[in-house]
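I have placed the structure first, in the form of structure tokens, so that the comments after it can refer back to it.
The values are calculated or read from the model by the stated rules, or taken from the named source; none is laboratory data. Keep in mind it's a predicted model, so treat the numbers as computed, not measured. Neighbour counts are summed over all protein chains in view; Cβ atoms, including those assigned to glycine, are modelled from backbone coordinates with ideal geometry.
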Amino acid sequence: MRWRHVVAPHPALIHAGVRRIGPGEPAFIIAEIGVNHNGSAERAKQLIDAAHAAGADAVKFQIRHLPATYQADVLEHPELQEQSFQYLIPLLKEFELSRDAYRELFGYARGLGVIAIASAFDEPSVDFLSEFSPPLYKVASADLINFPLIERLLKERTPLVLSTGMATRDEVDETAAFLHRRRATFALLHCQSTYPASADTLNLAMISKLKSRYGVPVGYSGHELGILNTIAAVALGASVIERHITLDRTLVGPDHAASLEPAAFAALVKGIREYEAAFGVPVRRISRGEVANRLTLRKSLAASSDIPAGAIITRAMVTAKSPGSGVSPQRLYELVGRRARRAIPADEMFAESDFGRIAKAPATLPAFSSAWGLKARFRELDRLSEIRPRPKFFEFHCSYGDLDVAFDPSRRYPQGLVVHAPEYFGGKVVDLAAVDPELWEDSIRVMQRTIQKTREIAGNFTGTPKVVIHVGGMSLEPNADHAVLLKRAEEAFRRLDTAGVEILPENLPPFGWFFSGLWHCNVFGDADEMVKFCGRLGYRMCLDLSHAWLYTAHHGLDYLEYLKKAAPIASHLHIADGRGSHKEGLQIGEGDVPFAEAFRVLAQYLPRDREVTWVPEIWQGQLDDYRHFRIALAKLAAYPFLMNGVGPEPVREA
């Protein structure tokens, strides 16, 4: 057939309300209720609830006016017809819902924010369905060849989704040509119309064939057992997924056996969304976990012997050693043959400055009037003390081993003190919300020891020290039992002796990198949850702007509204950029955080009866003499909110 050469190009996307359907968009997932309500409007509502809870985009019914769908003899005497009619017709009569019931069900779905659509099997049913102005009309496989019905549907000027089960290629060609000639907007679903269908009959390779042959969005209507092949259909390019949903696969009815019960349907949606997240884009990107592993597992160029200043660096003078925080060994022969710009002791890593081309970070830091600080480790204290202008405080991010570092009690520093509690101990993650009793008790002991260390060294610094704590509640699989986790965390905090320090729980992102893997942070990300938790304990909090961005981006929340809720109880800020739901601690301007608007909100909502401290928290910002911290501070100096403290309007970003 030559029809494709004489029609206008078809739109690559179709729309269902606010949802776009087609390549590059998340799969549009339809929970087919069909007649699995078995004539009960109450069961139909339960199925809508289950579809909504599972994350389906739409629910679909089957609507028939039986006298317009079947000949009178078939309806009146099904016992005289083929065996399939003897089974089906009595069930369709028994399961038929009233028009008022459908009106109630469509309204019920709309109230939950779920799109409700239907397959109309005859023209009177289209007339009725048009009352609801659905964003799509579904055409069942049986009616792919039904031009009178399709003509009636086209009068609604609404996109059509047509299943292709039971059809030959020529039949699909005829209907596609019919629709193209009428400039219809439509999608085609590959389908195997047996209930249930065996895996060897699914022929999923047809999905890509439909896409290339007809130039329209393509999907899959599945009737097989299980969910694996439906997820595979998405991987093959299906933009629409339709599967039947039932409360009980053993119920009487034509579709229950080929349907998914609520838990299985939820697993299907979860699997599809996980696949879509995993598919990504054809660009090589390094995850935060890989960055951590690069530091631990990779190697850097190091001196294999003492190298005097001015000496020509030979190959024998250079080796590669871990960690991977220095110059890449791939640059070995950029280094060999250079004259050493400084004396380099054996085993010391080469630096970018040894190549003479590094763009220097600002040598002079901005003169902030607000209470700014720098993050570091205890061992860097002497170097920190040399920085000018002086930070107002130091925030020490402690490992468990750092709690054993000895301080000279006679030393005095003019800065305040913030201690960020360890996140690991003995190969375990610190978790004050842990359900496991042993881990919970161990985590409390680690936290108490951190507080004691802070008290011991507080005399070396000025003011009341602050202790930043991650509440916990992390797990490889999501844990929705927030109430239990928060109760455990609250009990843990109440057991701590916090005299002499200010305890600051920190808001968490939706995911965290632990042991170089991605874990779910199940609690202390929601702003309302944090405010109530801190209120019960009488705490302020550490507000991490990057974590907040990741959390709101992941959950589709308003970032500025989040800040308005959290800011009034903030005592300390971590400032960094962020992108998506995983990428935290980015350099200022390299993510999506709207700093100008955020600082305007903070200027209005942060407490005015106390000084709020802040640090730039750029990932690995301390390397190369705090290079990336220096760059961040230079960028943040553009905001009078930080230069002068709460009050003046920040300048807008260019």
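Name every residue in segment 577-626 that is of a type in the set (Ser, Thr, Tyr) and assigned to a helix (DSSP H, G or I), in order of residue number.
Residues satisfying the conditions are Tyr605, Tyr626.
Just wondering, is there one or more residues in segment 199-212 that are in a strand (DSSP E or B) and over 20 Å from Val126 (Cβ atoms)?
no
Restricting the search to segment 514-534, which residues are in contact with a Gly (Cβ under 7 Å, 6 or more places away or on another chain), at negative phi and either without any contact (Cβ under 8 Å) to a residue 40 or more places away in the chain or buried (at least 20 other Cβ atoms within 10 Å of the Cβ) (or both)?
Scanning segment 514-534 gives Cys521, Asn522, Val523.
Right, Glu491: at pLDDT below 95 and charged (D, E, K, R) or not?
It is false that Glu491 is at pLDDT below 95 and charged (D, E, K, R).
Any idea which residue in segment 253-290 is nearest to Phe514 (Cα to Cα), counting only those that are touching a residue at least 24 places away in the same chain (Cβ under 8 Å) and part of a loop (DSSP other than H, G, I, E, B)?
Once the filter is applied, the top-ranked residue is Ser287.
Any idea which of Ile150, Ile117 is part of a strand (DSSP E or B) and at pLDDT 95 or above?
Ile117
Answer yes if at least one residue in segment 243-264 is under 25 Å from Pro510 (Cα atoms), among the hydrophobic types (A, V, I, L, M, F, W, C) and assigned by TED's automatic domain parsing to the domain that holds Glu32, and no otherwise.
Yes - at least one qualifying residue is present in segment 243-264.
If the Cβ limit is 7 Å and pairs must be 6+ apart or interchain, which residue in segment 608-628 that is at pLDDT below 90 and surrounded by fewer than 17 Cβ atoms within 10 Å (Cβ to Cβ) pairs with which residue that is of a type in the set (Ser, Thr, Tyr) and assigned to a loop (DSSP other than H, G, I, E, B)?
Leu623/Ser325
Collect the residues in segment 553-582 that are crowded, with 22+ Cβ neighbours inside 10 Å and under 19 Å from the mean Cα position of the chain (by Cα), keeping them in residue-number order.
Residues satisfying the conditions are Tyr562, Ala576, Asp577, Gly578.
Please report, ordered by residue number, the strands (runs of 3 or more DSSP E) entirely within segment 1-114 with at least 2 residues that are over 28 Å from the mean Cα position of the chain (by Cα) and either assigned by TED's automatic domain parsing to the domain that holds Ala267 or touching a residue at least 60 places away in the same chain (Cβ under 8 Å) (or both).
The qualifying strands (runs of 3 or more DSSP E) are 28-34, 58-63.
Of the conditions (1) assigned to a loop (DSSP other than H, G, I, E, B); (2) over 36 Å from the mean Cα position of the chain (by Cα), Thr158 fails just one. Which one is it?
The failed condition is (2).
When segment 159-173 is examined, which residues are found to be in contact with a helix residue (DSSP H, G or I) (Cβ under 9 Å, 6 or more places away or on another chain) and either free of Cβ contacts under 8 Å to residues at least 12 places away in the same chain or surrounded by fewer than 19 Cβ atoms within 10 Å (Cβ to Cβ) (or both)?
Gly165, Met166, Arg169, Asp173
Of all residues in segment 132-147 being part of a loop (DSSP other than H, G, I, E, B) and hydrophobic (A, V, I, L, M, F, W, C), which is nearest to the chain's Cα centre (by Cα)?
In this case the residue turns out to be Leu136.
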